[in-house]
Structure formats: structure tokens, C-alpha cells
1. Among the candidates 44, 56, single out the residue that is within 16 Å of the ligand (Cβ to nearest atom), open to solvent by less than 10 Å² (accessible area, probe 1.4 Å) and under 26 Å from residue 202 (Cα atoms).
2. Looking only at residues in the stretch 179-210 that are at pLDDT 95 or above and within 16 Å of the ligand (Cβ to nearest atom), which one is farthest from residue 416 (Cα to Cα)?
3. What is the one condition in (1) surrounded by 24 or more Cβ atoms within 10 Å (Cβ to Cβ); (2) over 20 Å from residue 38 (Cα atoms); (3) of a type in the set (Gly, Ala, Ser) that residue 386 does not satisfy?
4. Could you please find all residues in the stretch 220-272 being under 27 Å from residue 203 (Cα atoms), assigned to a strand (DSSP E or B) and among the aliphatic types (A, V, I, L, M)?
5. So which helices (runs of 4 or more DSSP H) stay within the stretch 24-79 end to end and still have 1 or more residues that are closer than 28 Å to residue 243 by Cβ?
6. Report those helices (runs of 4 or more DSSP H) wholly inside the stretch 316-430 carrying at least 3 residues which are within 16 Å of the ligand (Cβ to nearest atom).
7. If I filter the stretch 1-11 down to residues being in a loop (DSSP other than H, G, I, E, B) and not acidic (Asp, Glu), which single residue comes out as nearest to the ligand (Cβ to nearest atom)?
Amino acid sequence: MTPKLVLVVVDGMTPAAFERAVESGRAPALAFLAGRGDYRLATSVFPSLTPACLTSIATGAGPGVHHIPSLVWWNRQERRIVEYGSSFAALRAAGLSQSLLDPIFNMNARHLAPGAVTIYEALEDAGFVAAAVNITCYRGRHRHLTTLPGVRRAAYGPSRFFFYGLFESDRTGAPFAVRSRRAGSVDTYAAAVGRWLVTRDGFDFLAFYLSGYDFVSHAAGPDGEAADRALEQADAAIGTLLDAAGGPDEFLERYAVVLLSDHGQTSVGRVARLEEPFADLEGQVVVAASNRAGQIYLLPGARVDPAELAQRLDGFPAVDVTLRLEEDGVVARRDGGDDPVEKLEHPDAAWRARSALADPNAGELLVSAAEGWELADLGGRHHAGGGSHGSLVAGDSFVPVVTVGLQAELHRITDVAPAVLAHFGVAAPKSMEALAGVG
Ligand SMILES: [Zn+2]
């Protein structure tokens with residue numbers, strides 16, 4: 001019999017934070033899993049921002065296939081900014097009622113490419129039961145109504161579907177409170193749902209997503225005591241799953257495990273507005289920036305080309321490298337000079353850049369921020385003095401991966417979905433490019 005499998009995603013956990021937690025003895029659940037499994041580093045996608053990353057994990061494909069380009073982007077068809085939640089101020093600037101619909105419904109129902117098969121769809125089509133807790137890429141075959149009174153719009157998720165108290169396929173009694181996000185209440189909800197699911201052994205595959213660590217690491221920086229304490233809370237949530245099976249050993253008798261993060265984080269001390277170098281091009285370009293990545297879109301009738309956009313950022317200290325498509329491939333511009341992207345030394349840069357630029361929702365020019373810099377969001381908010389991510393640099397890009405009971409080596413976050421399907425003996429769909437060998 002195939003062991004069932006639990007996928008745990010700890011948002012923003014860096015390899016250094018993971019290793020510190022395991023070695024210090026402060027994270028018994030992480031240490032147990034690390035001790036019983038294989039540990040390695042994998043690379044994230046570009047931009048290394050959560051909506052793009054979680055969708056890449058759940059679809060086994062990069063942005064070029066799944067079409068979720070970033071945390072904030074310009075929707076050419078609807079001629080509007082899509083903002084999944086850089087900050088409350090950014091949501092308000094993008095139009096609050098619309099912006100609440102985008103992450104809850106539209107990301108999965110409209111923006112996610114129909115042809116990018118999710119892990120839940122592939123497994124449930126093959127007769128397995130899939131469960132998802134709080135992960136933002138959730139598209140499945142089952143219709144779910146919200147718990148919000150008066151909201152009749154439904155979402156399609158896996159058969160067991162729990163999403164921040166807004167969708168609950170089963171009554172678990174888990175309390176949901178957003179009041180004290182910093183104190184970890186979102187992950188407390190995830191842990192309570194996870195306990196309910198493991199206690200009943202109510203799934204073949206569970207995607208279990210913890211967001212609290214990233215939130216604290218943004219505010220306090222990735223390398224301080226506050227972030228380490230937040231990782232203890234994530235560890236406690238994972239420990240809840242182990243306990244619900246009757247203990248760590250009993251948990252591993254029942255489940256294989258993949259544990260990873262979606263991207264890293266690096267310290268940021270300075271902030272810039274990516275809009276500034278393009279201020280005179282109003283009506284010709286749209287700038288969408290957040291955290292440590294940005295995209296510049298050319299509007300119809302623009303009298304500039306992507307190469308000119310890139311040149312405008314020469315000497316702009318917040319920018320490390322820009323990426324654009326030219327006839328003979330992806331061009332990376334750095335320090336005022338153009339090179340083929342293959343010359344970049346950033347982790348897995350060529351594949352990540354190609355996949356990002358193959359996304360029809362991407363800008364004509366992609367911007368990766370320099371070490372220590374952040375790009376203010378639409379609402380002017382940033383995390384200077386704390387942590388951030390989104391760029392191609394190693395600290396934003398490498399993630400820790402632990403696998404227990406899985407016959408696969410995961411080198412990119414897009415390797416997770418096809419490896420999990422192989423574990424269940426399910427053929428990976430063509431859209432899962434890692435197995436198809438693209439790039
Ligand atoms: Zn983040």
C-alpha cells in the first residue's frame with residue numbers, strides 16, 4: 001500500500017533559519033523530520049514571491065506555464081492592477097473590494113492557467129483524496145461555498161478544503177481569528193484543522209501551509225530572535241500533526257513527508273520607488289513593484305521599447321539586474337551592460353528568467369532588486385529594517401527541503417508536484433514541466 005503523504009510549506013523559511021532551529025534543539029518536530037529524512041537545498045522561481053511560488057509548488061510548473069506572475073501585476077485584458085496582498089495600503093490603492101476578491105477567488109478561478117493541472121486535480125482524478133489547508137493555490141474539482149453570510153460565489157478546491165475560515169469543507173471546530181496575526185493565530189487555525197484531518201486520517205494527500213513565519217521575518221528580519229521564535233511556533237504547528245497520529249514514529253508509519261519553504265528572505269535596509277525613473281512615461285508604461293521584484297508593462301501605443309526601459313535603470317541603486325526578451329533569447333542587463341541570461345551567476349537564473357518572461361501576464365521588463373534594497377509597493381509600504389524577498393539573489397532564492405519516504409531528489413520547488421504524483425503512481429500531466437525536461 002502506498003503511504004499517504006503530507007506536504008508542509010513554511011513560508012519564507014531560509015536554509016539558515018531551518019538549520020539553526022534544528023541544531024539548537026528549539027524545533028523538535030523539524031529536527032525529528034530532518035533526522036529521519038534527506039535534506040538538501042532547492043531553488044525557488046522568479047520572482048520569489050509567495051503567489052508565484054505556491055502556485056509553482058502546487059502545479060509543478062513555473063510562471064510561464066501557470067501564469068501567476070507575481071504578488072502584484074498589470075492585467076492587460078481588464079486594464080487594472082491585480083494586487084494579492086502586498087500590504088493593506090496596497091490593497092486599498094488597487095481598489096479594496098476588487099483586491100479582496102483577487103486572492104480569495106480570482107487567482108485560482110481566473111488567473112491560474114486552465115491548462116496548468118494542480119496536484120489536487122491530478123490526484124483526485126486518479127481516485128485519491130486531496131486536502132488543502134490555507135495554501136493560496138488550491139484549485140480542484142469540488143465546489144465549495146464560503147462561510148461568509150451573503151456571499152454566494154463558490155470556489156473550486158480539493159474535496160477537503162480549508163482556507164482561512166472562509167472555506168471549510170468539514171466542521172472541525174477550529175477557531176479562526178485574524179486579530180493577532182503576529183501571535184500566530186492563522187497558523188493556530190491551520191494546526192487545529194491539521195489535527196482534525198490527521199486524527200481522522202481523512203486524506204491521501206495533505207498540503208499544509210504555514211504563513212506566520214514569513215510575516216514575522218518581514219517585520220523583524222530573517223536572522224534575529226523574533227524570527228527564530230516564530231519558527232518555534234511553526235514547529236509547534238507541525239508537532240500538532242505528529243501528535244495527532246499518536247507520535248512522530250506513528251506519523252511516519254502512516255505518511256511520507258515533503259517539508260520545504262516557498263522562498264527565502266534577506267535583510268533590507270533601504271527602499272526605492274521603481275516608479276521614479278519612469279515618471280515622465282505616464283500613459284505609456286505601468287510599473288508594478290513590491291518587496292524585491294518589479295515588472296514594467298508597456299501600454300498599447302507606447303513610444304519606448306524594453307531595451308530603453310532597461311537603460312533607464314542604469315545606475316539606479318535598488319536594481320541588481322533587469323530581464324527582457326529579445327530575438328535571440330533572454331537578455332540580462334547589469335551595471336549598464338547587456339549579457340545573455342546564461343552569464344548570470346544567480347541560482348538557476350536562466351530557467352527562472354525564461355519561465356518568468358514566458359508568462360503572458362508578465363511585464364516586458366522584469367526587475368530583480370539589489371541586496372539590501374526593497375521596492376515600495378503601490379501603497380508606499382515596505383519592510384526596510386526587516387526582511388524581504390522576491391529577487392534572483394541566493395538569499396531570496398534557496399529554500400530548505402526535507403523529504404521522508406519519497407524516492408526523489410527535489411532541486412527546484414517545481415519538482416515537488418511531479419515527485420508526489422510519482423509517489424502515488426500517478427503519471428504527471430504535460431504541464432508539469434520538471435519531468436518533461438523543459439529548461
Ligand atoms: Zn513574504
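1. Working: 44 fails: under 26 Å from residue 202 (Cα atoms).
After applying the criteria, what remains is 56.
2. Here the residue is 210.
3. (1)
4. First, the residues of the stretch 220-272 that are under 27 Å from residue 203 (Cα atoms): 231-263.
Remaining after also requiring assigned to a strand (DSSP E or B): 255-260.
Passing the criteria: 256, 257, 258, 259, 260.
5. On the way: elements: 28-36, 50-59, 63-66.
Filter on the stretch 24-79 gives 28-36, 50-59.
6. Details: elements: 349-357, 394-397, 416-423.
Counting at least 3 such residues, we get 394-397.
7. Going residue by residue through the stretch 1-11, those that are in a loop (DSSP other than H, G, I, E, B) are 1-3, 11.
Among the residues that remain, those that are also not acidic (Asp, Glu) are: 1-3.
On the way: 1: 38, 2: 34, 3: 32 Å.
Here the answer is 3.
Conditions (1) more than 16 Å from the ligand (Cβ to nearest atom); (2) farther than 18 Å from residue 234 by Cβ; (3) of a type in the set (D, E, K, R), marked per residue:
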site	(1), (2), (3)
13	no, no, no
28	yes, no, no
62	yes, yes, no
102	yes, yes, yes
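The values are calculated or read from the model by the stated rules, or taken from the named source; none is laboratory data. Being a predicted model, the structure only gives us computed values, none of them experimental. Methodologically, a virtual Cβ is constructed for each residue, glycine included, from the backbone with ideal geometry; neighbour enumeration extends over all protein chains shown. For accessibility, only protein heavy atoms count, side chains too; no ligands or nucleic acids. Shrake-Rupley method; radii C 1.70, N 1.55, O 1.52, S 1.80 Å.
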